[in-house]
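The values are calculated or read from the model by the stated rules, or taken from the named source; none is laboratory data. Because the structure is predicted, anything quoted here is derived from the model rather than measured. All Cβ positions, even for glycine, are placed from backbone atoms using ideal geometry, and neighbour counts span all protein chains on display.
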Amino acid sequence: MVKILLTGRPGVGKTTVIRKAVASGLSIAGGFFTEEIRQGGQRLGFRVKDLHTGEEGLLAHVDHRNGPRVGKYTVDVASFARIGVEALRQAATRQGCIIMDEIGKMELSSKAFAEVAAELMESDHAILATIPAIRHPLLDRLRARPDATVIEVTLSNRDSLPGRIVELLKSGSRQARRE
């Protein structure tokens, strides 16, 4: 099955591209989205949301005190495991595309997430995920997979990508592409 990894600079619209692809009627098994927590125009953290149940939990926050730090944020590994990792485990039992937004530094603070993400990439499920443009052993392995289609999201292509992604996922093509 197709494994699509969207990359690009922060704020370019990777998550928006995935949301539009999902909204187009793509068959989704489940997974998760991450969303910013903002107050007064200032980003304070991130929450994780299970696509299937709608359940939300804390991923990271500037005021959270227990857990690994990523920049100014502290990751709530337990909350992420309860929502995000469990969403992926449940999605693996259903038919359709699995969404991982995102496979980044905060999420990779969870050993359980890293293991489940690696297992899902080996599965027969179609995967649509976002990854940062950083170097990391797992991310480097994912980019190098022969069945991975790595697409850089830019300001000039982000509006056309949702339709193209849906086509790639529906075609089930295993041909790797680098764009």
**Message:** Out of Leu26, Leu58, I need the residue that is of a type in the set (A, V, I, L, M) and either surrounded by fewer than 19 Cβ atoms within 10 Å (Cβ to Cβ) or touching a Ser or Thr at 6+ places or on another chain (Cβ under 9 Å) (or both). Which one?
**Reply:** Leu58
**Prompt:** For the range 59-71, does any single residue satisfy the condition of being of a type in the set (D, E, K, R) and at pLDDT below 95?
**Reply:** yes
**Prompt:** Is it the case that some residue within the range 159-168 is of a type in the set (A, V, I, L, M), in contact (Cβ under 8 Å) with a residue 12 or more places away in the chain, part of a strand (DSSP E or B) and over 24 Å from Gly54 (Cα atoms)?
**Reply:** no
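One line per residue, one yes/no per condition, for (1) small (Gly, Ala, Ser); (2) under 17 Å from Lys3 (Cβ atoms); (3) buried (at least 21 other Cβ atoms within 10 Å of the Cβ):
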position	(1), (2), (3)
Gly30	yes, yes, yes
Ile37	no, no, no
Thr53	no, no, no
Arg65	no, no, no
Pro68	no, no, no
Lys111	no, no, no
Ala118	yes, yes, no
Ile131	no, yes, yes
**Message:** Quick check on my filter: what residues within the range 136-158 are in contact (Cβ under 8 Å) with a residue 60 or more places away in the chain and either of a type outside the set (A, V, I, L, M, F, W, C) or surrounded by 12 or more Cβ atoms within 10 Å (Cβ to Cβ) (or both)?
**Reply:** Leu142, Arg143, Arg145, Asp147, Ala148, Thr149, Val150, Ile151, Glu152, Val153, Thr154, Arg158
**Request:** Output the qualifying pairs, or none if there are none: Cβ atoms under 6 angstrom, residues six or more apart or on different chains, first residue in the range 86-100 and under 17 Å from Gly172 (Cβ atoms), second residue in a loop (DSSP other than H, G, I, E, B) and not hydrophobic (A, V, I, L, M, F, W, C).
**Result:** Gly96/Ser27; Ile98/His125
